[in-house]
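One structure below.
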Amino acid sequence: MTHYALLIDGQLHPGKQDDEVLDPATEQVVGYAARASQAQVDAAVNAAHNAFTGWAANPQARRTALALAASVLRENSQSLAELISREQGRPLRFTLGEVAGAAATFDYYAHFEAPGAEILRDDEQRRASIERRPLGVVAAITPWNVPIILLVLKLAPALHAGNTVVAKPSEHTPLSTLLLGQLLKDVFPAGVLNIVAGDGEVGEQLSSHPLVRHITFTGSVATGKRLYAGAASDLKRLTLELGGNDAALVLEDADIPAIAETLFWGAFWNSGQVCFAIKRLYVHESLFQPLIDALVARAEKTRLGHGLDAQTELGPLTNRQQLERVKALVADARKHGAVIHSGGDQPEGPGYFFAPTIVSGIGAGVALVDEEQFGPVLPVIPFSDVEDAIRQANASPYGLGASVWTRDIARGEAIARRLDAGLAWVNQHLEVQPGAPKGGYKWSGLGYEGGLRGYEAFSDLQVLNVARPVV
Ligand code: NAD
């Protein structure tokens, strides 16, 4: 069984102990992840701190390394994707897509031209400009649902901007990130990229380290709030990409046969373990039954299975806690009178599987509707007045994504603009354009990831005033 090591200062290290990582489809051990000690977290941050000045001074070396990282990922895409499938559960064709997306992200930043200095004044007496400087050591903390792309979306811009990084993956899916560290060991100079693994305690040691200047975090609202509070004492910069409870509004003119498949995948891709998956579906009452029928038909023919089985459409939930949470939310919904149209149960056999579940008969006030469930369950809620649907969609502490489904594009756009969501779609959900800043309103986050706004988070401004000698 393979043991996966930490990457600290350009060297692979065993941890203070080995944590077993289970395949969520079989509950068998996939491999062992080294868990970092406090001393190793310190060593990783110190290594990043020591590497910072040299790395920040050499933009060309940064571009070259990022381009090399892209090609190393492409060369190793099969082994990396298989490991993601085995520890996270998603079908291989999607994890191959994840690795391809990560390679493309490294490539994008290898060729990215950061905006130059803004000149405020430039004459015989004075030159004044606004420039950007990297921050120093960045702590990158990631969740378990899409482990490699979510990390690379942080790494590539942070490194391009001249920062050094200490990354910490989720304790549920650490192996692919540790393998990534092994693959990139010689791509970056020692100390520029470090990877420590472990649970929330290791995350806390890393994020509270005095030499960390920026925390870039993707994960739950609860952990995000803790990090925000913890960062205050040291005024560390932070970017928070947190949970969502996305609403989709299907208007009375929508073409159900045409949109059912896209709606289904908007809710169920990765077994619903997507921050901006559709988690509440509001439908005009005239289309309620046809929509339920179409979604149930699609749910019932969905093939559940191991991620490495080519027939599989949906894998399991990634860990037992998540499965138990989804089961508890569905049981609570039943108590509140929910009608379960498909699924609703864990199938027989090993693994954390849960059949795609279409639910109706519940609304606001029931946890399955109010909270982020992060699983393969979709409550469908009829409305008669679109104003009421907009109000319900916005009556949430979350504000990550939202979509409107209609044949009337102008009306769809007008409604989408009124939804409290950092990502708003018409007749689609999930698609993120390259270069788009991804960020959530309200509890769904702080700051942006991706695009120029996301890139700028990895630097501070410096106003440089130069007095020219009078000759
Ligand atoms: P989580 O908050 O439990 O864990 C995320 C990471 O934080 C893990 O690496 C964990 O070990 C670490 N951590 C836990 N406690 C910590 C602490 N006190 N200090 C520092 N680090 C700590 O989240 P999760 O369950 O792994 O991920 C699922 C959540 O992530 C969902 O809410 C989902 O919506 C969200 N998510 C958001 C986005 C986005 O882009 N907005 C993307 C993917 C997932």
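A few notes on this one:
- Members of segment 341-372 that are closer than 17 Å to residue 263 by Cα and polar (S, T, N, Q): 342, 357, 360
- The residues on offer are 80, 68, 92, 96, and the sole one that is out of contact with any strand residue (DSSP E or B) (no Cβ under 9 Å at 6 or more places or on another chain) and more than 24 Å from residue 145 (Cα to Cα) is 68.
- For segment 187-194, the criterion of a residue being within 17 Å of the chain's Cα centre (by Cα) and buried (at least 17 other Cβ atoms within 10 Å of the Cβ) is satisfied by no position.
- Scanning segment 370-379 turns up one or more residues that are over 17 Å from the mean Cα position of the chain (by Cα) and either of a type in the set (S, T, N, Q) or surrounded by fewer than 21 Cβ atoms within 10 Å (Cβ to Cβ) (or both).
- Qualifying residue in segment 404-411 (condition: surrounded by fewer than 24 Cβ atoms within 10 Å (Cβ to Cβ) and under 16 Å from residue 247 (Cβ atoms)): yes
- Matching residues, segment 209-228, being under 27 Å from residue 32 (Cβ atoms) and part of a loop (DSSP other than H, G, I, E, B): 209, 219, 220
- Options 330, 326, 296, 274; residue that is crowded, with 20+ Cβ neighbours inside 10 Å and away from the ligand (no atom under 16 Å from the Cβ): 330
- Here 416, 364 are screened, and the one residue that is buried (at least 16 other Cβ atoms within 10 Å of the Cβ), within 27 Å of residue 445 (Cβ to Cβ) and of a type in the set (A, V, I, L, M, F, W, C) is 416.
- You will find that of 254, 232, 222, 258, the residue that is of a type outside the set (Phe, Trp, Tyr) and either touching a helix residue (DSSP H, G or I) at 6+ places or on another chain (Cβ under 7 Å) or under 27 Å from residue 13 (Cβ atoms) (or both) is 254 and no other.
- Remark: pairs (first residue in segment 209-233, over 18 Å from residue 397 (Cα atoms) and not assigned by TED's automatic domain parsing to the domain that holds residue 155; second residue among the basic types (Lys, Arg) and more than 11 Å from the ligand (Cβ to nearest atom); Cβ separation under 8 Å; 6+ apart in sequence or on different chains) are absent.
- Among residues of segment 229-267 being of a type in the set (Gly, Ala, Ser) and assigned to a helix (DSSP H, G or I), the one that is farthest from the ligand (Cβ to nearest atom) is 258.
- Some residue of segment 447-468 being touching a Leu at 6+ places or on another chain (Cβ under 6 Å) and not acidic (Asp, Glu): no
Yes/no per residue for (1) assigned by TED's automatic domain parsing to the domain that holds residue 204; (2) modelled with pLDDT of 95 or more; (3) surrounded by 17 or more Cβ atoms within 10 Å (Cβ to Cβ); (4) among the aromatic types (Phe, Trp, Tyr):
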residue: 21; (1), (2), (3), (4): yes, yes, yes, no
residue: 31; (1), (2), (3), (4): yes, yes, yes, no
residue: 37; (1), (2), (3), (4): yes, yes, yes, no
residue: 52; (1), (2), (3), (4): yes, yes, yes, yes
residue: 62; (1), (2), (3), (4): yes, yes, yes, no
residue: 68; (1), (2), (3), (4): yes, yes, no, no
residue: 73; (1), (2), (3), (4): yes, yes, yes, no
residue: 79; (1), (2), (3), (4): yes, yes, no, no
residue: 91; (1), (2), (3), (4): yes, yes, yes, no
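- Residue list for segment 196-216, filter: under 18 Å from the mean Cα position of the chain (by Cα) and either more than 12 Å from the ligand (Cβ to nearest atom) or under 26 Å from residue 70 (Cα atoms) (or both): 197, 214, 215, 216
The values are calculated or read from the model by the stated rules, or taken from the named source; none is laboratory data. Computed from a predicted structure; not experimentally measured. Heads up, the Cβs are rebuilt from the backbone with ideal geometry, glycines too, and the neighbour counts pull from every protein chain shown.
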